[in-house]
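To keep things clear, I will list the structure first and then write my remarks on it.
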Amino acid sequence: MSHDFEVAIVGGGHNALVAACYLAKAGKKVVVLEKNQEFGGATKSVYAFEGVGAKLSRYSYLVALFPDQIKQDLDLKFETLSRTVSSYTPSGNTGILINRSFDAESRESITAFASNIEESDAWERFYKRIGVFAEVLAPTMLEPLKDETEVKALIGEELWDEFVVQPLEVTLSKYFKNDLVKGIVLTDGLIGTFTSATERLSNICFLYHLIGNGTGEWRVPKGGMGKLVEALLQRATSLGVEMRVGTEVLGVNTSKDGVTIKLNTGEELSAKVLLSGAAPKVLERIAGINAPTLRDGSQVKMNMVLKRLPNLKSGVDPRRAFAGTFHIDESYEQLEKAYHQAKSGVIPDVIPSEMYCHTLTDPSILSESMQEAGNHTLTLFALHTPASLFDKDHDLVKVEVTKRILAGLNRYLVEPIEELLLNDAAGQPCIEVKTPQELEAEIDLPRGNIFHSDLMWPWRTRGEQGKWGVETTHDRIFIAGAGAVRGGGVSGIAGHNAAMAALERLAKSN
Ligand SMILES: Cc1cc2nc3c(=O)[nH]c(=O)nc-3n(C[C@H](O)[C@H](O)[C@H](O)COP(=O)(O)OP(=O)(O)OC[C@H]3O[C@@H](n4cnc5c(N)ncnc54)[C@H](O)[C@@H]3O)c2cc1C
């Protein structure tokens, strides 16, 4: 039977585009089918406010996991920039400032805050140890999935026990005594995942946040996250990939030698192999391939444009405080309390969140006149706000959650953030807020889960996980999106690995 395409890809997120580029580079005839009017999924940059020249990374905003190897293989014109500061965490009228390289100033800041030199020593020891995971795991992400026993042997028994076997709660308590220091460390185990330090899902989330490219450094995408999509689109087009927007895949029928794809346009396409860059729940709906159960997405994302940066009660220069990750109400106890409140169906009294200012590292997302006027953008990501909280009275809950998040931020500012918001052309303040439900409606993230599925250990824990971690129960259908083993985040890894699996499948004679 002749097919329209060798490979059809559902969805046009960055992973799908990475897969398309690798496949087209290998000479395959590929089509990408995206339901929205633009490609990019969760990696878009947009002018979110009418008449305001600020191109914001609307959803995802920092990059750590995207391997340099993919950039080189595909010759992508996409740059990321280092932030000078790693994080600032205000507490009362003081706070903890940690520079990107853990230097004397960072050490002194922790020591002064905790009144204890052991806490900064522990910080250094802890991150050196987790660095071993980064060195071992980062180079394996684009290789066939390693077995758990193999990885364990490379990591060593003691480290394995600390970071894989013991819940994060136990290991963090072993190293850190100070509640705020412990909370700053814990946040990497929670971002994008509705979990607690007592659950091992937080260990998995933690590893993901610290292994990117062997360093775990979170960098600013130059020109905004949309630049990654632009680079991928340029490459895919030059390689001859057929790209379609406004094209939703409604159904997939499988046969022994391929798939038939039903589109919203009424058309039907056939392909030898299907990749899904959409979430496993979407694949379940369109192709009947069972998806694992997943937790609610549990974040609220806010984008703001400011007249100028706010001043802080602690007196720290805002150009430093907001250059890195600005942690708001993220002590260990605050994080745990918020989790348990949200889990029991109550909006947390104090909603932990974190924020950073893109334009301090990369002003290029602002028009020249805005740069001259001293305008800035802020991107805020609130934790422990699961979709379930918004199921009833969505709009009312959204108003209340927004109020609590901004009150949390305002506790540390000299003047309320609301007074510093720029107005758009219609006189409305430049602030947009996205709940998990809105993320599902806009870009099909099931229950707003930003990783498509619950994250999995980046090695084989079960026999059925297949060679690349992208396999499904149908041997011509592969997962090319964040829901693959080693998917999640802006990494392109799932796209690369699905392309490798598809090439191997196409090389078979039947
Ligand atoms: C608010 C937010 C903040 C985040 N912050 C970060 C961050 O800073 N750093 C980071 O690394 N990660 C971050 N993430 C996570 C990261 O963005 C995602 O995990 C990743 O971008 C997923 O990419 P993907 O290509 O696998 O899928 P997606 O980007 O989700 O793309 C899937 C595409 O499939 C399309 N689609 C769905 N169903 C169909 C269908 N039936 N037919 C056709 N098309 C379909 C969708 O429209 C979408 O375009 C964030 C995510 C969100 C939502």
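For segment 180-287, what value does the Rg/Rh ratio take when both radii are computed over Cα atoms and Rh is the Kirkwood radius, given to two decimals?
Working: Rg = 19.8 Å, Rh = 17.9 Å.
Here Rg/Rh amounts to 1.11.
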Projected-area mean, the chain, by convex hull of Cα positions, square nanometres: 23.0 nm²
Pairwise FRET efficiency - ASP68 versus GLU108, Cβ, R0 = 45 Å, nearest 0.05: 0.85
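Take the alpha carbon gyration tensor of segment 158-242, find the square roots of its eigenvalues, order them as a ≥ b ≥ c, and report rounded if a/c is under 1.5; if not, report prolate when a/b exceeds b/c, else oblate.
Working: a/c = 3.14, a/b = 2.53, b/c = 1.24.
Judged from the Cα gyration tensor, segment 158-242 comes out prolate (a/c at least 1.5, a/b above b/c).
Length gain on complete extension for the stretch ALA425 to GLU268, per 0.36 nm per residue less the alpha carbon to alpha carbon distance?
Details: separation 157, 0.36 × 157 = 56.52 nm, distance 4.34 nm.
Full extension from ALA425 to GLU268 adds 52.2 nm.
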Whole-percent pair-distance distribution, where bins are 5 Å wide, for the alpha carbons of segment 253-383: 2, 8, 12, 12, 10, 9, 10, 9, 11, 9, 5, 2, 1, 0
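Normalised by the residues of the chain, what does the relative contact order come to in percent, with Cα pairs under 8 Å and at least six apart?
On the way: 1124 pairs, mean separation 122.9, N = 510.
Reported relative contact order: 24 percent.
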Gyration tensor (alpha-carbon) shape descriptor, segment 51-197, a/c threshold 1.5: oblate
Separation of alpha-carbon centers, segment 453-494 and segment 117-176, rounded to whole Å: 22 Å
Simple label model, 7 Å out from Cα along Cβ direction - ALA507 to ARG411, nm: 5.7 nm
Å² of accessible area per residue within the chain, as computed with a 1.4 Å probe and no ligands counted: 38 Å²
With Cα atoms, 0 to 90° folded angle of helix 493-507 axis to the chain main axis: 10 degrees
Segment 340-440: equivalent-ellipsoid semi-axes (sqrt of 5 x gyration tensor eigenvalues, Cα, Å): 28, 15, 13
Helix 226-238 axis, angle to the chain major axis (alpha carbon atoms, nearest 10°): 20 degrees
HIS340 paired with ARG462, simple spin-label distance in nm, labels 7 Å along Cα-to-beta-carbon: 3.1 nm
Which of SER120, ILE405, GLY223, positive extreme of dipole for the chain (C-beta unit charges): GLY223
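Using the per-residue mean of other Cβ atoms lying within 10 Å as a proxy for protection, in what order, highest first, do the peptides 187-199, 101-113 fall?
Values: 187-199: 22.1, 101-113: 15.8.
Going from most to least packed, we get 187-199, 101-113.
Return the tail of the calculated pair distribution for segment 377-510, meaning the percent of Cα-Cα pairs more than 25 Å apart.
Numbers: 4301 of 8911 pairs.
Percent of Cα pairs beyond 25 Å in segment 377-510: 48.
The values are calculated or read from the model by the stated rules, or taken from the named source; none is laboratory data. Since this is a predicted model, take the numbers as computed values, not measurements. Cβ sites come from the backbone with ideal geometry, for glycine too, and all protein chains shown count toward neighbours. Areas reflect the complete protein model, heavy atoms only, side chains present, ligands, DNA and RNA absent. Shrake-Rupley method; radii C 1.70, N 1.55, O 1.52, S 1.80 Å.
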